[in-house]
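The values are calculated or read from the model by the stated rules, or taken from the named source; none is laboratory data. Note that the structure is predicted; figures quoted are calculated from it, not measured. In this analysis, Cβ positions are derived from the backbone assuming ideal geometry, glycine residues included, and neighbour counts consider all displayed protein chains. Each accessible area value is taken on the protein alone, full model and side chains, heavy atoms only, with ligands, DNA and RNA left out. Shrake-Rupley method; radii C 1.70, N 1.55, O 1.52, S 1.80 Å.
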Amino acid sequence: MQTAQRVALVTGTSSGIGRAVVEKLCQTGCQVLAVDANPDGKSVADAAGAEFHCADLTDGEQCRAAVARAEALFGGVDILVNNAGIQHVERLETFDEGKWRTIIDLMLTAPFILTQAVWPHMRRQQWGRIINIASIHAHVASPGKAAYVSAKHGLLGLTRTAALEGGEQGITVNALCPAYVRTPLVERQIADQARLHGMDEQAVIEQIMLEGAAIKRLIEPEEVAEIADYLASERASAVTGASWDINLGWTAR
């Protein structure tokens, strides 16, 4: 990996995929700013060797402030990993507008603002990597996830548009689209899905989360981080505008 002294900004880093990405990028020589709304994320960042910045990324000014912090610490952002996310499982007809706006702001608007904020530095140096952690739900839908699915579909569109605009400037933009990953967010979903569908939690895992998968297991966060690390490297210089499906065969049917 040829990213020694590259600077990465990663969002949603207190657990799950974001934590694994921070740990991997630190291991491979990057200077990392870990950004999360949970102050407890500082201990995770400290353990990995990263700097920590606490921010509510539903606020555009706080998004820009996170990038400014990375610039003050390290001189700029070379690698942006948009990972922060939440999810509410609820039928469309009863879904609260405030929850909708929070999900869209965090999972679609924040990646747009952060991308816009890091772009000038990447353009000046003619090198940049933007990695958007999307989901299998960037391609398919599930009941009870209107806002989440809408945000992830939109994130894939943002990925492709930014890839076209960044190509001549040395900026690559890609999306990672995993199926269910063993994270606290997914673990909380199990109980929500059980209530939504009127089934027990083991049935949710077998009949909803893994029913469409050829490989019957959850994905580990470290598996996603390995691919993010590759996309952040020089080896991936020809890869842009791509949707990297890590979905256990979900979309093979």
Given the structure, is residue 165 free of Cβ contacts under 8 Å to residues at least 24 places away in the same chain and either open to solvent by less than 30 Å² (accessible area, probe 1.4 Å) or in the same structural domain as residue 80 (by the TED database) (or both)?
yes
Looking at region 161-178, can you tell me whether even one residue there is out of contact with any Cys (no Cβ under 7 Å at 6 or more places or on another chain) and closer than 15 Å to residue 16 by Cβ?
yes
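Yes/no matrix, rows are residues, columns are (1) modelled with pLDDT of 95 or more; (2) open to solvent by 50 Å² or more (accessible area, probe 1.4 Å):
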site	(1), (2)
20	yes, no
35	yes, no
38	yes, yes
95	no, no
104	yes, no
Output for region 231-246, where each listed residue is over 15 Å from the mean Cα position of the chain (by Cα) and either of a type in the set (Val, Ile, Thr) or surrounded by 15 or more Cβ atoms within 10 Å (Cβ to Cβ) (or both):
233, 236, 239, 240, 241
So residue 109, is it open to solvent by 30 Å² or more (accessible area, probe 1.4 Å) and among the hydroxyl-bearing types (Ser, Thr, Tyr):
yes
Across region 177-193, what is the number of residues that are open to solvent by 40 Å² or more (accessible area, probe 1.4 Å) and not in a helix (DSSP H, G or I)?
1
Tell me yes or no: at least one residue of region 77-88 is modelled with pLDDT under 95 and open to solvent by 60 Å² or more (accessible area, probe 1.4 Å).
yes
State all residues of region 115-143 that are more than 18 Å from residue 70 (Cα to Cα), of a type in the set (Gly, Ala, Ser) and crowded, with 20+ Cβ neighbours inside 10 Å; if no residue qualifies, say none.
134, 135, 138
What's the number of the condition residue 208 fails, among (1) in contact with a Leu (Cβ under 9 Å, 6 or more places away or on another chain); (2) surrounded by 19 or more Cβ atoms within 10 Å (Cβ to Cβ); (3) modelled with pLDDT under 90?
(1)
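Would you confirm whether any residue within region 194-202 is in the same structural domain as residue 13 (by the TED database), part of a helix (DSSP H, G or I), open to solvent by 50 Å² or more (accessible area, probe 1.4 Å) and farther than 26 Å from residue 108 by Cβ?
For region 194-202, residues in the same structural domain as residue 13 (by the TED database), part of a helix (DSSP H, G or I), open to solvent by 50 Å² or more (accessible area, probe 1.4 Å) and farther than 26 Å from residue 108 by Cβ: absent.
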Within region 44-55, does at least one residue satisfy the condition of being aromatic (Phe, Trp, Tyr), touching a helix residue (DSSP H, G or I) at 6+ places or on another chain (Cβ under 6 Å) and open to solvent by 10 Å² or more (accessible area, probe 1.4 Å)?
yes
Residue check: is residue 99 under 16 Å from the mean Cα position of the chain (by Cα), of a type in the set (Lys, Arg) and either modelled with pLDDT of 95 or more or open to solvent by 60 Å² or more (accessible area, probe 1.4 Å) (or both)?
no
Enumerate the pairs (first residue in region 145-161 and modelled with pLDDT under 95; second residue anywhere and open to solvent by less than 20 Å² (accessible area, probe 1.4 Å) and in a helix (DSSP H, G or I)) with beta-carbon separation below 8 Å, excluding pairs fewer than 6 apart on the same chain, so at least 6 apart or on different chains.
145/137
